[in-house]
1. Here are some residues: Ala49, Ala53, Ala121, Ala101. Which one is within 30 Å of Thr209 (Cα to Cα), at pLDDT 85 or above and either more than 38 Å from the chain's Cα centre (by Cα) or not assigned by TED's automatic domain parsing to the domain that holds Arg300 (or both)?
2. Quick check, is Val128 outside any loop (DSSP other than H, G, I, E, B), touching a residue at least 40 places away in the same chain (Cβ under 8 Å) and either touching a strand residue (DSSP E or B) at 6+ places or on another chain (Cβ under 9 Å) or not small (Gly, Ala, Ser) (or both)?
3. Do we have Pro46 as free of Cβ contacts under 8 Å to residues at least 24 places away in the same chain and surrounded by 12 or more Cβ atoms within 10 Å (Cβ to Cβ) here?
4. List the residue pairs whose Cβ atoms are under 8 Å apart, where the first residue sits in the stretch 80-91 and is within 14 Å of Leu4 (Cα to Cα), the second is acidic (Asp, Glu) and at pLDDT 70 or above, and the two are 6 or more positions apart or on different chains.
5. Go through Ala272, Ala250, Ala228 for me and flag whichever is of a type in the set (A, V, I, L, M), touching a Pro at 6+ places or on another chain (Cβ under 9 Å) and under 28 Å from Asp126 (Cα atoms).
6. State all residues of the stretch 1-36 that are farther than 13 Å from Arg94 by Cα, part of a loop (DSSP other than H, G, I, E, B) and either touching a Phe, Trp or Tyr at 6+ places or on another chain (Cβ under 8 Å) or among the hydroxyl-bearing types (Ser, Thr, Tyr) (or both); if no residue qualifies, say none.
7. Hey, among Ala195, Ala250, Ala226, Ala235, which residue is outside any loop (DSSP other than H, G, I, E, B) and outside the structural domain of Ala312 (by TED's automatic domain parsing)?
8. Take Leu220 and decide whether it is within 22 Å of the chain's Cα centre (by Cα) and at pLDDT 90 or above.
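The values are calculated or read from the model by the stated rules, or taken from the named source; none is laboratory data. Bear in mind the structure is a predicted one, so any value in this text is a computation, not a measurement. Cβ atoms come from the backbone with ideal geometry, glycine included; neighbour counts cover every protein chain shown.
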Amino acid sequence: MPELVSAWYGSFLLEGARVVRAVAAPSDAAALAERAALRRSGRLTPEEAQLLAERGAALWTTRDRRLATTGVRWVGGLRARPTIPAPPDGGALREALLADADRSLAAAWDPSVHVEEAVRAAADLDRVLNLVGERLGSWVSRDAPDVDPGDHAAAARAVLARADGSSPLGPADPGLTEARRQLAELYRAIAAERAALGAAVEAAAPRRTPNLTALLGPELASRMLAQAGGLDRLARLPSSTVQVLGAERAFFEHLRGRAPPPRHGLLFLHPAIQSAPRRERGRLARTLAGKVAIAARLDRAGAPVTPTLGAAFEARRAALRERRGTAPAAPRRRDGSRPPLDRAARDR
């Protein structure tokens, strides 16, 4: 039975060790790159389509699962590789694969990676700013008891206001005074850079993710993008995963049986969930996660802002508030206290 064999330099029809029909592929790198992309996506190359058009009602076999979808019989198992003509110079194949790789990278490029990196940079700056501020506040409070060591910005202002290092508690060492002044300037510079980075993220988020930003706000939308690993991945996540993004540690603790299931992750930062009663947060987070999943897919497809997502979430929130007002009160004990919530109800 004839066997159809496909290679990067052409397609061949074999009967035993004899080549019955051969259709060679073009030798230029652009054409070869196009055929590599077709094979990777599961489609037929022009050479394969030309051979299959000549098949008619004949029974052919192949070892390529991609060709088996066209009516050719697929044969698996360990069999000797058929003998086909030797390939030409491999230089054209190398150029074709490099061109195909460049095309694939360009197609898979996700511009939201810049928002993701900016959010992570802002988180790093927050940690550095807190460390520098704590040290500066502790240092300033040594000779300025009126300065609150917890108010890092006030400590930096106090240092920069006394450029000569004068202190009511004794003479200051010039070298250490200058070092402390530079530390205060470093704190102010980091704070300014953090503010500029936050403003840039808030300005970029509506352009890249208009639906997510309209639903969550620019800061939370950007943090969701960073936590998910980009808009492309966030658009593929189910709403159940979106709901617990940012609570991965609590989720795995739950899988080990050490903690209840998390009801929300980063979505807790949404004002509607923060201000909701404890027993309603899980339901609201579940509803909001569903809308976030839809918004991410709309943004991935380049769709304009869809206000119905926010309206649907607000309708669900209003329904929960109305149910709360009409729900019967929980029975009280003899001493007047209410019984504790069941664990399953408390964790939702």
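1. Being within 30 Å of Thr209 (Cα to Cα), at pLDDT 85 or above and either more than 38 Å from the chain's Cα centre (by Cα) or not assigned by TED's automatic domain parsing to the domain that holds Arg300 (or both) holds for just one of Ala49, Ala53, Ala121, Ala101, which is Ala121.
2. Numbers: outside any loop (DSSP other than H, G, I, E, B): yes; touching a residue at least 40 places away in the same chain (Cβ under 8 Å): yes; either touching a strand residue (DSSP E or B) at 6+ places or on another chain (Cβ under 9 Å) or not small (Gly, Ala, Ser) (or both): yes.
Taking the combined requirement at face value, the residue satisfies it.
3. Yes: the conditions hold for Pro46.
4. Pro82/Glu3
5. Answer to the check: Ala250.
6. Met1, Pro2, Ala25
7. Ala195
8. On the way: within 22 Å of the chain's Cα centre (by Cα): yes; at pLDDT 90 or above: yes.
Taking the combined requirement at face value, the residue satisfies it.
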